[in-house]
1. Residues B:121, B:177: which one is surrounded by fewer than 15 Cβ atoms within 10 Å (Cβ to Cβ), assigned to a loop (DSSP other than H, G, I, E, B) and of a type in the set (D, E, K, R)?
2. Could you please give the count of residues in the range A:56-73 that are closer than 18 Å to residue A:94 by Cβ, surrounded by fewer than 24 Cβ atoms within 10 Å (Cβ to Cβ) and more than 11 Å from every other protein chain (Cβ to nearest Cβ)?
3. Checking the condition within 14 Å of the chain's Cα centre (by Cα), modelled with pLDDT of 90 or more and either more than 9 Å from chain B (Cβ to nearest Cβ) or within 24 Å of residue A:53 (Cα to Cα) (or both), which residue from A:112, A:170 passes?
4. Within the range B:319-329, is there a residue that is away from chain A (no Cβ under 14 Å), farther than 16 Å from residue B:41 by Cα and touching a helix residue (DSSP H, G or I) at 6+ places or on another chain (Cβ under 9 Å)?
5. Sort out which residues of the range B:126-137 are in contact with a strand residue (DSSP E or B) (Cβ under 6 Å, 6 or more places away or on another chain) and either in contact (Cβ under 8 Å) with a residue 12 or more places away in the chain or exposed (fewer than 13 other Cβ atoms within 10 Å of the Cβ) (or both), and write them in order of number.
6. Checking residue B:111 against (1) surrounded by 21 or more Cβ atoms within 10 Å (Cβ to Cβ); (2) assigned to a strand (DSSP E or B), only one condition comes out false. Which one?
7. Please return the ranges of helices (runs of 4 or more DSSP H) entirely within the range A:98-139 where 2 or more residues are aliphatic (A, V, I, L, M) and at negative phi.
8. So for the range B:271-293 (the condition being aliphatic (A, V, I, L, M), without any contact (Cβ under 8 Å) to a residue 12 or more places away in the chain and within 20 Å of residue B:66 (Cβ to Cβ)), does at least one residue qualify?
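The values are calculated or read from the model by the stated rules, or taken from the named source; none is laboratory data. Bear in mind that the values here come from a model prediction, so they are computed numbers and not experimental data. In this analysis, Cβ positions are derived from the backbone assuming ideal geometry, glycine residues included, and neighbour counts consider all displayed protein chains.
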Amino acid sequence: MSSNRPVEGPNALDMLGTRFLWPGGRFGLSVDAFSVASSERVFLHGPSGSGKSTLLSLISGIVAPVAGEIRLQDHALTGQRPAVRDRLRAEQTGVIFQMFNLVPYLTPLDNILLPLRFAPDRRKRCLDAKQAALDLTRALDLPDAAVLSSPASALSVGQQQRVAVARAMIGHPPLIIADEPTSALDMDARAAFMDLLFKQTDTSGAALLMVSHDLSLSDRFDRAIALNDIAQPLHGNAA
Amino acid sequence: MTLLRLAFKSLLSRRFTVVLTVFAIGLSVALFLGVEKLRTGARASFADTISNTDLIMGARSGSVQLLLYSVFRIGNATNNVSWESYKDLKARPEVEWAVPLSLGDSHRQFRVMGTTPAYFDRYQYRGGRSLAFADGARFDDLFDAVIGADVAQTLGYKLGDPIIVAHGLASFSEHDDLPFRISGILEKTGTPVDRTVLIGLDAIEAIHVDWQGGGRKSGPSTPAEVLRTMDLEPTAITAAMIGVKSRLQIFPLQRAINDYPEEPLLAILPGLALQELWEIVGVAETALTGVSAMVVATALLGMAAMILSGLNERRREMAILRSVGAGPTTIAALLVTEAMAMAAAGAVLGAAMLYGGLLLIRPWLDAAYGLSLPLSGLSARDLTVLAIVVASAALVSIIPAIRAYRMSLADGMMIKI
């Protein structure tokens, strides 16, 4: 399924000749070439242990490859100090996990504003950060009272996932990474969640890279890719 | 959101264990500050007890012992000073004034001290304050007694009340045939005078006229009227306070007393003897300070253990923070900030506990030990101690912080729990 949305500007993600081995050298990943265009929706699937978490760790700059290049928009992630990679992750990406996405002792609002603490450019883009957060939560059908006062742990799983979407979207990062975000939701909630996620990424123009086992969702994406098609596992001293 | 606010909210979410930890730190800080407060309070109280007395003379023993029994009414004299020697030394040209002191009897739990009316003029405390009467006046009649403020308060005595002196310090024999009358009640001084019954030196002689070798002589006792007509010059005294005409004469006079050929005597400078006393008790003070410092260290290590044991449960929180851009250093800094916040809260609680405790125990300390602790604010040293507690908390929290750093480096955004 091809996208009808206009592709503008540099790719949200580029990986070229990337090679990585975990300490000890027992497992690694090699990606010859992989890109996510601006505003593109990419569905990535693969069996457990195929290296999805490793790929996400590389894209978010948590770990650094031993060779090759990774770029978030036009910012090189490779060759940077860990602190710079952390800053790039905060500025360039929004992350949604499968569940337990929120810091339980913070209010939903504080959770949504949390990335701005580490991403000054995203904060600048918001102008009024609190208002931007409330605009997002209202668009995600979250009541203001729940967002402002109750601790995040008091929300239902579905509500928590929507707060996680708002947190990922605030300040318009160019790439949203979603790691099995629907696995804790039932069928109806899953469809509603995907609708909201697409609506938000369309509104902000962010690219979406979603990792999931649930192939039934893949039709709604611009591209569906098996991890094995873009990455090869490395073992031993293959790096 | 600042790191401090994040740390505060994180601590609030674990309020039960945090409150216990802060309480433990607070208690240890209160103990440490309390020991220091007691130490300085005791020193100040002792130093304030006697002023403007150049020398104290007694039978030869130790200088600390002489100071303790003559000024602080602690312990007993091993021997007396003969009245002849006292008169001889008092007549020396360097001596401006001398006040004899005679100790050994008691009334209830309070010591009775025989002296001359000059005591009320010469005894000074807290940098030169003289004794003042809350009620009545110094003794006029042979069987008049002046009591300290604590004696009056504890026993509910008022002017004109009779008072029976007991023979010795822990004796059931009383001089009940010769009751005294309270002629004056002194104002509170915060010194051992508050817990003393003062009578005339001749009155000490008078009540012992019918006594010999610690027991009452057989036969009828001498009536008070007869005693009033008798020549009651003492044969011995316990000690004497001496003032010299010129401060330059203090050491020559001290040497002369110490070398007195007629009997073995000792003269001490109160300030120097106090210094000697502090050197003796200094070891115990250091030990006490050391023990209380160890209690603070234990509380801080307990806090570090609390943070460390909670790290595994917080791996998800760390992964979320990492996903939004926090580096491992920020995670470690969060833990150090939490530790410092707990220690700061403990320090504030400790100071509050100290003053609360002081308010409660001050009257008891004063009544039981004559120790008057001032309710002054925290000293620069106290504030330094509190700052060290917070800094030490940061130091010990480095252990869990390093572990959190390593965990978040290894886990990255992978939620482990």
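1. The unique qualifying residue is B:177.
2. 2
3. None of the others qualify; the one that does is A:170.
4. The answer is no; no qualifying residue exists.
5. If the condition is that a residue be in contact with a strand residue (DSSP E or B) (Cβ under 6 Å, 6 or more places away or on another chain) and either in contact (Cβ under 8 Å) with a residue 12 or more places away in the chain or exposed (fewer than 13 other Cβ atoms within 10 Å of the Cβ) (or both), then B:127, B:128, B:131, B:133, B:134, B:135, B:136, B:137 are the ones that fit.
6. It is condition (1) that residue B:111 fails.
7. Where helices (runs of 4 or more DSSP H) fall fully within the range A:98-139 and carry at least 2 residues being aliphatic (A, V, I, L, M) and at negative phi, they are A:108-118, A:129-139.
8. yes
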